[in-house]
1. Tell me which residues, restricted to segment 205-225, are in a helix (DSSP H, G or I) and not hydroxyl-bearing (Ser, Thr, Tyr).
2. Checking residue 313 against (1) in a helix (DSSP H, G or I); (2) more than 30 Å from residue 198 (Cβ to Cβ), which single condition isn't satisfied?
3. Could you go through segment 282-294 and let me know if any residue there is touching a residue at least 40 places away in the same chain (Cβ under 8 Å), under 25 Å from residue 23 (Cβ atoms) and β-branched (Val, Ile, Thr).
4. Which of the residues spanning segment 27-77 are closer than 20 Å to residue 97 by Cα, among the charged types (D, E, K, R) and in a loop (DSSP other than H, G, I, E, B)?
5. Quick check: anything in segment 159-170 more than 19 Å from the chain's Cα centre (by Cα) and either assigned to a strand (DSSP E or B) or not aromatic (Phe, Trp, Tyr) (or both)?
6. Can you tell me which residue within segment 24-41, out of those that are more than 15 Å from residue 290 (Cβ to Cβ) and surrounded by 13 or more Cβ atoms within 10 Å (Cβ to Cβ), is nearest to the chain's Cα centre (by Cα)?
7. Looking at residue 231 and the list (1) part of a loop (DSSP other than H, G, I, E, B); (2) within 23 Å of the chain's Cα centre (by Cα); (3) surrounded by fewer than 21 Cβ atoms within 10 Å (Cβ to Cβ); (4) among the basic types (Lys, Arg), which single condition is not satisfied?
8. Looking for something in contact with a helix residue (DSSP H, G or I) (Cβ under 9 Å, 6 or more places away or on another chain), closer than 24 Å to residue 200 by Cβ, in contact (Cβ under 8 Å) with a residue 40 or more places away in the chain and crowded, with 20+ Cβ neighbours inside 10 Å - is there at least one such residue anywhere in segment 235-249?
Amino acid sequence: MHRRLFCASLLAGVTPLAAQAPTRPFLERPIPGKPHQGKVLLVVQAHSDDVPLSAAGTVAKLIDEGYTGYLVRASNDDMGDAPGLGTPGTIGDHVLGNQRDNSKLAEVLGLKDHFDFNYNNHMMAGVSQNEIMARLIFLIRLLKVDTVVCWDPWAHDEENPDHYMIARAMEAASWIAGRAHDFPEHLKAGLKPYAVRDKYYFARRPEITRVVDITNYVEKKVDANRANVAKGPAGTNGSRLKAELARKNLRLPLLDGDDVTADRNYIREFVLARNRELGKQYGMEYAEAFHYIGPGVGTNRVKDYIQRNAVPLR
């Protein structure tokens, strides 16, 4: 049979991919109790505002459900605004302000510890991916990390080199950390192979396979964004806008009350708008979206088949 006819026969009756209905993502709801007790979560961001904006609600949910969590910030955020001022400052201002914010973020989300890799902001494309990967592999094995939250290495429309560098390194590290013959010096130091099982990847335009209901954790997400003073679009912007309007003899009822209330209402109204819109699509009040990769991906089919079907010899 001619190749063209053979291929046509294989495709007969198959609906073209473009015409297939999109797969509905898995909807992850809060789980009562501590179903993840004993498991370890590694939360990885390139900059101090990445997790507050994209994943703080989910991190708070997982911690509440029993995970012990750790935070990694890859860059030193040395190209932002001066801490709390929204104005250009010295490099020292940028670095120290964002370092304080990152430490506060770990505290707000209930994470046990945090690590700053301190690569120059927006310059990580010039850093060896193997170097970043090796640092992450060390942490995965040291902490025995089961689940990671990070930028998506496969995401569309990503323009920031820090985002895709940490994402690619995280994806590779998650796999290699479980391989006994990679980085044997770790074994000599007493560390053992440990493979990551679950990955929650966020992005500007994610391939959404999982939507997490964060309605119960909105206030934690507000707290996380309020802690991000030096870099993020949240921080103290509400109280600063309130003061700016007052100088013009204007006010927004949204920002009435003390400065803390103004900041929180500003975050809830403007910074969390996308979370509200996403939530409405899936019957939730607030939600976050992820490209989730779970333990079923890459499963050894032979081992699975043996486990399900093997019987004792007679």
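1. 216, 218, 219, 220, 221, 222, 223, 224, 225 - these are the residues of segment 205-225 that are in a helix (DSSP H, G or I) and not hydroxyl-bearing (Ser, Thr, Tyr).
2. (1)
3. Scanning segment 282-294 turns up at least one residue that is touching a residue at least 40 places away in the same chain (Cβ under 8 Å), under 25 Å from residue 23 (Cβ atoms) and β-branched (Val, Ile, Thr).
4. Scanning segment 27-77 gives 49, 77.
5. Taking every residue of segment 159-170 in turn, none turns out to be more than 19 Å from the chain's Cα centre (by Cα) and either assigned to a strand (DSSP E or B) or not aromatic (Phe, Trp, Tyr) (or both).
6. So the residue we want is 40.
7. (3) is the only condition that residue 231 fails.
8. Scanning segment 235-249 turns up no residue that is in contact with a helix residue (DSSP H, G or I) (Cβ under 9 Å, 6 or more places away or on another chain), closer than 24 Å to residue 200 by Cβ, in contact (Cβ under 8 Å) with a residue 40 or more places away in the chain and crowded, with 20+ Cβ neighbours inside 10 Å.
The values are calculated or read from the model by the stated rules, or taken from the named source; none is laboratory data. All values derive from a computational prediction rather than experimental measurement. Cβ atoms come from the backbone with ideal geometry, glycine included; neighbour counts cover every protein chain shown.
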